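The values are calculated or read from the model by the stated rules, or taken from the named source; none is laboratory data. Owing to the predicted nature of the structure, the values given are computational and were not obtained by experimental measurement. Neighbour counts run over all protein chains shown; Cβ positions are idealised from the backbone, glycine included. SASA here: full protein model, heavy atoms, side chains in, ligands and nucleic acids out. Shrake-Rupley method; radii C 1.70, N 1.55, O 1.52, S 1.80 Å.
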Amino acid sequence: MGCSSSSNRPDDPVTGTCSICLDDETADMVKLDCGHTFHFSCLSQQVKAKWPGKRMSFGYITCGLCRKDLEITECEGAKDEPRCVHAARRMRVLVDKHKTMRDRVYKLCYESAKFDGSLDGMKESEIKNYVDTKIAAFLCTNCDQPFCGGKVECADSKLEADKLMCQSCSFVNSRSSHKCKKHGVKYAVFKCNHCCSIATFDCSGNHYCDTCHRSPSDRKKTSRALQGQA
């Protein structure tokens, strides 16, 4: 089986244009399984930069042209193709831990969506796209671990990236004296931020009852209506 590189000999350089810097300098050039060429140093900078905003997303570990995962597969004749083997190993070192994090984040978001009933009646083929695009995950600034913040539509655009905390850290750091230090956030009951009913949703630290959560763009009106019924 041939090398994924376009080289005729094992030590021939990969030719092409880097799809990031648009330079055709062959030094450090690699060809991905998808067929697109990049400088490894350019890919490395892309991966190290991670996601562009507060919400965790993993487009940075895919090819910017076709969105397939960044991969160079070792071929069966690897021992005779040292350049292909070296490139494949460098790529794995570069992206493997990020792929592991992506899988972990997906699991967190999937379990959250399943728990609140968002996946009920959904076809298996639709679930992954829904979880990837509709459920938001963030990195806790306190413990540096990922957490699910609820639906993307619930995520507050005014959230400050340097103050985002997971449910456990937020509970521990809250100033309230009415909290159980033995059982922690797992058994805690919160009031809705808008109508003071029992909250059933935790959206990036904001708590809402089912009624207020159902109309995220009109919570003030919902809150006033509920107060009028009291």
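Just one of the numbered conditions (1) outside any helix (DSSP H, G or I); (2) at pLDDT 85 or above; (3) not acidic (Asp, Glu) is not true of Arg104: (1). Condition test on Arg104, is it charged (D, E, K, R) and touching a Pro at 6+ places or on another chain (Cβ under 8 Å)? Taking the combined requirement at face value, the residue satisfies it. Of the residues making up segment 108-142, those that are outside any helix (DSSP H, G or I) and under 22 Å from Tyr208 (Cα atoms) are Asp116, Gly117, Ser118, Leu119, Asp120, Ile135, Ala136, Ala137, Phe138, Leu139, Cys140.
Screening Lys134 on (1) open to solvent by less than 70 Å² (accessible area, probe 1.4 Å); (2) touching a strand residue (DSSP E or B) at 6+ places or on another chain (Cβ under 9 Å); (3) at pLDDT 90 or above shows it passes everything except condition (1). Look at segment 143-163: where a residue is at pLDDT 85 or above and part of a loop (DSSP other than H, G, I, E, B) and a partner is buried (at least 17 other Cβ atoms within 10 Å of the Cβ) and not aliphatic (A, V, I, L, M), sitting 6+ places away or on another chain with Cβ atoms under 9 Å, you get Cys143/Cys166; Cys143/Cys169; Gln145/Cys166; Gln145/Cys169. Among the residues of segment 10-19, is any under 27 Å from Arg102 (Cβ atoms), at pLDDT 90 or above and open to solvent by 60 Å² or more (accessible area, probe 1.4 Å)? Checked segment 10-19: no residue is under 27 Å from Arg102 (Cβ atoms), at pLDDT 90 or above and open to solvent by 60 Å² or more (accessible area, probe 1.4 Å).
Among the residues of segment 27-63, the ones that are open to solvent by less than 50 Å² (accessible area, probe 1.4 Å), in a loop (DSSP other than H, G, I, E, B) and more than 18 Å from Arg92 (Cβ to Cβ) come to 5 in all.
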